[in-house]
Amino acid sequence: MSTDATLSFEEAMEKFDPVLGFEVHVELNTATKMFSSAPNVFGDEPNTNVNEVDLGLPGVLPVVNKKAVESSILIGLALNCKIAESCTFARKQYFYPDTPKNFQTSQYEDPIAYDGWLDIELEDGTVFHVEIERAHMEEDAGKLTHKGGATGRIQGADFSLVDYNRAGVPLVEIVTKPIQGAGSRAPELAKAYVAAVREIVKNLGVSDAKMERGNVRCDANVSLRPYGREKFGTRTETKNVNSLRAVEHAVRYEIQRHAAVLDGGGTITQETRHWHEDTKSTTSGRPKSDADDYRYFPEPDLVPIVATREWVEELRATLPEPPAERRKRLQGDWGYSDLEFRDVVNAGVMDEIEETVAAGASAAAARKWWMGEIARRAKLADVDPVALGVTPAVVVELDALITSGKINDKLAREVLDGVLAGEGTPGEVVEKRGLAVVSDDGALQAAIDTALAAQPDLADKIRGGKIQAVGAIVGGVMKLTKGQADAGRVRELILATLGVEG
Amino acid sequence: MAAINRDDVAHLAQLAHIEMSETELDRMAGELAVIVDSVKSVSEAAGDDVPATSHPIPLTNVLREDVVGHVLTAEEALSGAPDAEDGRFKVPAILEED
Amino acid sequence: MSAYELIRSSAADLAAKLAAKEVSSVEVVQAHLDRIADVDGGERGINAFLHVNTDEALAVAADVDARRAAGEQLHELAGVPIAVKDLIVTKGQPTTAGSKILEGWMSPYDATVVKKLRAARMPMLGKTNLDEFAMGSSTEHSAYGPTRNPWDLDRIPGGSGGGSAAAVAAFEAPLALGTDTGGSIRQPGAVTGTVGVKPTYGAVSRYGAIAMASSLDQIGPVSRTVLDSALLQEVIGGHDPFDSTSLTDPSTGLVAAARLGNVKGMKIGIIKELHGEGYQTGVENRFNESLELLRSAGAEIVEVSCPNFGYALGAYYLIMPSEASSNLAKFDGVRFGARTLPKDGPLTIERVMGATRAAGFGDEVKRRIILGTYALSAGYYDAYYGSAQKVRTLIQRDFAAAFAQVDVLISPTSPVTAFKLGEKLNDPLSMYLNDVATIPANMAGVPGLTLPGGLADEDGLPVGIQLLAPAREDARLYRVGAVLESLLESQWGGPILDKAPTLASTAATSGEVK
């Protein structure tokens, strides 16, 4: 695979003005599919969550899922869109083995929601106004697994296997208008926009919103133009950018790649690009032979959806607190400073902290874990903190184990190792690895006596009132107990042994 | 209205995923030209003020409650498949090798 | 009762005799299976059936007999056998749509109408022949050989439902299911001297009928009498939550309408544009006779004009192939049906799909797919599909204006009687013209019925009379149709099929087991 030339981001930004656009696909978490009553469930045995409709067998007909329509209207409302009084479905026609009917039932001329906007706040508080062109309903495709060949990639595979469990899962595709003026903030804005959409659909409860499962998928359009020119440059569409970090990286990469091409006097080919997480680069997607002629026409097997004012208002009344307002409320409840709270939001762990607090941990402890040890490990692994696999329940249990004195911070980190290694819950890991702190005062006393005997000078100093010197003795005790002691209790016992008032 | 020629038919056959021989393309182009010619009056029949009818009987909001219904077993799902492996439908390579 | 009498009985008569336990369902079913074995196979056989469902039909019949003997309350048509057009999917029997691409395919689900037949405990005799994917007016486009017209074995039985019409005309089944997209129930009915009804669009669920043109397709009854069609439509009709275009109206009142027996005071409109020039003389003569009979029975006959019907055929041949090109995209050799590998070159799925569809589809299907792909393609949509949808509006307006003046409309069903096998096979356009009188009903979604109007003077072949009613007023068709049928039959001294030639047994020569 050849590597494309890139300019440095700074140089690219000096020379060109980026224009962005996003198509975000949101999988709805309805009980059933968009057009069939088969279950909408992730991860089951292949081809077990399908009926004849999902397979596109001869003779089948679609019937629209009411909940999916309502979820779509809710998304439209949350994106400040107008809701179409009447809208229809259309067939988008292309042959592909993951598409059972060889057309996708979608919306074309009249999406259910249109003309919306979102204000996107960047890390430093800068707000960008992003206009939403439309949000429309459609169905997901099945899943292809490429076999044989070298890499499991589409190129070079000998054959592919198709699982239609995902075929027909309801999707809402949210399309922005071209986003201009982001400048060097473009990669950040890309990430923040997708994060905002993800947050909104999760907050609405209409999607599980797990990017790692493909519940929220982003296609990012990037084009560059010289500063001062009104006309947009040729754009590329980078597909399957499936984490917030990847969105940022992909937009940055495409800006750098476009800049190198344009700077060298070349032209950008309008095409789809595939994002590769391993190489942090995109490759050209082979243009489909019929990609330019989808032969859309009104779906004759479905009738129009009429969203009456009463229906829309009924749904509007169920809208949950908008994320921005919710953030304000949570910051107040938790007592975090502006900086602390922004860090939490940017790390994408606000929901996790909320769940952790709801499950019984203090706000401070929740922050300590999610922004401390978990964030550190996520950074090392180069994944989003939520993708690490630590659940709020684990954090709550770790915190409770520390608070009760059963383990200390150092041991807690080891316990977390065990949890991530699949050894069970924190309690089970403590048990299996024998990690509980030494809380038997007799055993501790023996260690303290040994430590004091090893450093009689220090013992005298402490007796003489230099209480700060106790730390060195504590250190000696911890060494002797291999860290499995509660430092606070050790300190108390040392002072008691020496007859000094702490 | 444009006439339909052999190249058009070749393009359409590609869009429709139907392999056609040279002879077939020629024959089809001839037949389609006659048919297209006979239906061209349609575009002159109605003015701009006439709305399109997509459904003979107008209905709206035919919706299904979000309740799980029947599914096929994997065996039933794959029963008509020309080729299958590991509970999935098997198809030849998607793309030609580069 | 003799087997001869059984197979010539109407469904209503069979139902009455079954209820009275004068005959068993097994006897009735066996008589029809014997008839199929006698006349359907071989070189000169009717070839109405693509599959004969012997074991299941007899098992269902035996079950009905047992239940009846036990005093169970059964559906009126329980035990009365029926044939099913092979465009409608059935569990336990192959469904081919008359195409090679589905050869050997077994549906894992039943069409809604088939579920209803099962619920009524009507034994299914088998699956009937059709033009491939119902595309044609002669059944010659079947991949499994043409069906022959029982009136003249060298002539077409109409299409696409030639198998269902011929099966009923040849006394192989008292009832059959058909589908009608542009006349596929009514035109075969006309040329075989049988009755067929295209109900109001949405009156019968399309779920499980392999779609040709979704906005035009409709399943309907095929029979020898108007009353039998009414009985069958009441079985198969009604709301289906699996079909979004299904109407919520109950399918009742049709049998009562067929039994009403008068047309006094009804206004019946002759459609100016659907007779005269282009219509065979014998067809015109029989049509005029029917008008006279209706007038004599107290109906008022007036002439109405539907000026936009002239565009109907053209618009139909844009909408139908457009929708068909999309509906037939799923036949690609991935999930079901036959897969054909390309003869040479790299083995990619794209090329396998192309080879599968090239080998699996016949010429007429390919023609319509290409035409539809053209009509929907970028740059042509507005001129073709868009314009055709507007013509649809104009045709609906014509119907609305006509039905403001009259209760039902009347026309010949087909401009010509049955033509010779092969006569129009290489002239698609002249084949399409057979549907000129039946297409407007599909375009507007209104119901239409055909019944035998006698035999054409010049060739002695059956002529069909078509009745059309406003949407959701299917009952009017049965009311007028039954009256006209009884007036005509009293003139003829019996059913028209009494005049059909006796079919020679082909069983001895065929040696073929279906």
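The values are calculated or read from the model by the stated rules, or taken from the named source; none is laboratory data. Bear in mind that the values here come from a model prediction, so they are computed numbers and not experimental data. We place every Cβ from the backbone using ideal geometry, glycine too, and count neighbours over all the protein chains shown.
Couple of notes before you dig in:
- Filter result for A:Val169 (among the β-branched types (Val, Ile, Thr), on the phi < 0 side of the Ramachandran plot, in contact (Cβ under 8 Å) with a residue 24 or more places away in the chain and within 12 Å of chain B (Cβ to nearest Cβ)): no
- Residue tally, condition within 14 Å of chain A (Cβ to nearest Cβ), crowded, with 24+ Cβ neighbours inside 10 Å and more than 19 Å from the chain's Cα centre (by Cα), over segment C:63-98: 0
- For segment C:458-512, a residue qualifies if it is under 15 Å from C:Ser229 (Cβ atoms) and among the basic types (Lys, Arg), and the qualifying residues are C:Arg476, C:Arg479.
- Hey, C:Ala12 surrounded by 19 or more Cβ atoms within 10 Å (Cβ to Cβ) and closer than 26 Å to C:Val255 by Cα or not: yes
- Across segment A:337-364, the number of residues qualifying as within 27 Å of A:Ser404 (Cα to Cα) and crowded, with 20+ Cβ neighbours inside 10 Å comes to 8.
- Restricting C:Val89, C:Val80, C:Val168, C:Val64 to those that are among the aliphatic types (A, V, I, L, M), closer than 30 Å to B:Glu75 by Cβ and touching a residue at least 24 places away in the same chain (Cβ under 8 Å) reduces the list to C:Val89.
- When the criteria are applied in full, B:Pro56 meets the requirement of being crowded, with 16+ Cβ neighbours inside 10 Å and within 30 Å of A:Ile73 (Cβ to Cβ).
- Verdict on B:Ser21 being at the interface with chain C (Cβ under 7 Å from one of its Cβ atoms) and among the hydroxyl-bearing types (Ser, Thr, Tyr): no
- With respect to being at pLDDT 95 or above and within 25 Å of the chain's Cα centre (by Cα), B:Leu78 fits the description.
- Yes/no for A:Lys67 being touching a residue at least 12 places away in the same chain (Cβ under 8 Å) and at the interface with another protein chain (Cβ under 7 Å from one of its Cβ atoms): yes
- Looking only at segment C:103-132, and only at residues there that are part of a loop (DSSP other than H, G, I, E, B) and small (Gly, Ala, Ser), the one that is nearest to C:Arg186 (Cα to Cα): C:Ala111
- Among the helices (runs of 4 or more DSSP H) confined to segment C:266-362, the ones with at least 3 residues that are in the same structural domain as C:Phe133 (by TED's automatic domain parsing) and within 27 Å of C:Ala400 (Cα to Cα) are located at C:281-296.
- C:Gly379 meets the conditions (1) in a loop (DSSP other than H, G, I, E, B); (2) facing another protein chain (nearest Cβ under 9 Å); (3) over 25 Å from B:Val50 (Cβ atoms) in every case but one. The failed one is (3).
- Total residues in segment B:2-31, condition at positive phi and either of a type in the set (A, V, I, L, M) or not in a loop (DSSP other than H, G, I, E, B) (or both): 0
- Of all residues in segment A:33-81, those satisfying the criterion of being in contact with a helix residue (DSSP H, G or I) (Cβ under 9 Å, 6 or more places away or on another chain) and of a type in the set (Ser, Thr, Tyr) are A:Ser36, A:Ser37, A:Thr48, A:Ser71.
- Selection within segment C:408-424 - surrounded by fewer than 17 Cβ atoms within 10 Å (Cβ to Cβ) and in a loop (DSSP other than H, G, I, E, B): C:Gly422, C:Glu423
- Tally of residues being more than 27 Å from C:Thr95 (Cβ to Cβ) and more than 27 Å from the chain's Cα centre (by Cα) across segment A:38-64: 0
Residues checked against (1) in the same structural domain as A:Gly264 (by TED's automatic domain parsing); (2) in contact (Cβ under 8 Å) with a residue 24 or more places away in the chain:
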position: A:Thr3; (1), (2): no, yes
position: A:Glu14; (1), (2): yes, no
position: A:Pro18; (1), (2): yes, yes
position: A:His25; (1), (2): yes, yes
position: A:Leu28; (1), (2): yes, yes
position: A:Ala31; (1), (2): yes, yes
position: A:Asn40; (1), (2): yes, yes
position: A:Pro46; (1), (2): yes, yes
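- Yes/no for C:Thr194 being out of contact with any Asp or Glu (no Cβ under 8 Å at 6 or more places or on another chain) and touching a residue at least 60 places away in the same chain (Cβ under 8 Å): yes
- Selection count, segment C:322-346, where residues are crowded, with 24+ Cβ neighbours inside 10 Å, at the interface with chain B (Cβ under 9 Å from one of its Cβ atoms) and not hydrophobic (A, V, I, L, M, F, W, C): 5
- Subset of segment B:44-63 (residues that are at the interface with chain C (Cβ under 7 Å from one of its Cβ atoms) and touching a helix residue (DSSP H, G or I) at 6+ places or on another chain (Cβ under 8 Å)): B:Ala45, B:Ala46, B:Val50, B:Pro51, B:Ala52, B:Thr53, B:Ser54, B:Pro56
- Strands (runs of 3 or more DSSP E) enclosed by segment C:162-230 - at least 2 residues per element that are modelled with pLDDT of 95 or more and more than 22 Å from C:Leu313 (Cα to Cα): C:175-179, C:219-223
- Residue in segment C:65-74 that is modelled with pLDDT of 95 or more and within 20 Å of C:Ser223 (Cα to Cα) present: no
- Test: residue in segment A:95-114 that is outside any loop (DSSP other than H, G, I, E, B) and away from every other protein chain (no Cβ under 14 Å): yes
- Segment B:64-98 - residue that is part of a strand (DSSP E or B) and either more than 7 Å from every other protein chain (Cβ to nearest Cβ) or basic (Lys, Arg) (or both) and, of those, surrounded by the fewest Cβ atoms within 10 Å (Cβ to Cβ): B:Lys90
- Check on A:Gly483, under 30 Å from A:Gly389 (Cβ atoms), among the small types (Gly, Ala, Ser) and either touching a residue at least 60 places away in the same chain (Cβ under 8 Å) or not in a helix (DSSP H, G or I) (or both): yes
- Boolean, C:Thr393 is outside any loop (DSSP other than H, G, I, E, B), at pLDDT 95 or above and closer than 21 Å to C:Lys100 by Cβ: no
- Filtered by the rule that a residue be surrounded by 24 or more Cβ atoms within 10 Å (Cβ to Cβ), more than 13 Å from chain A (Cβ to nearest Cβ) and more than 19 Å from A:Asp293 (Cβ to Cβ), segment C:355-376 gives C:Phe361, C:Val365.
- In segment C:104-118, the residues that are closer than 15 Å to C:Val80 by Cα reach residues that are in a loop (DSSP other than H, G, I, E, B) and at pLDDT 95 or above with C-beta atoms within less than 6 angstrom, at least six apart or across chains, in these pairs: C:Val114/C:Thr90.
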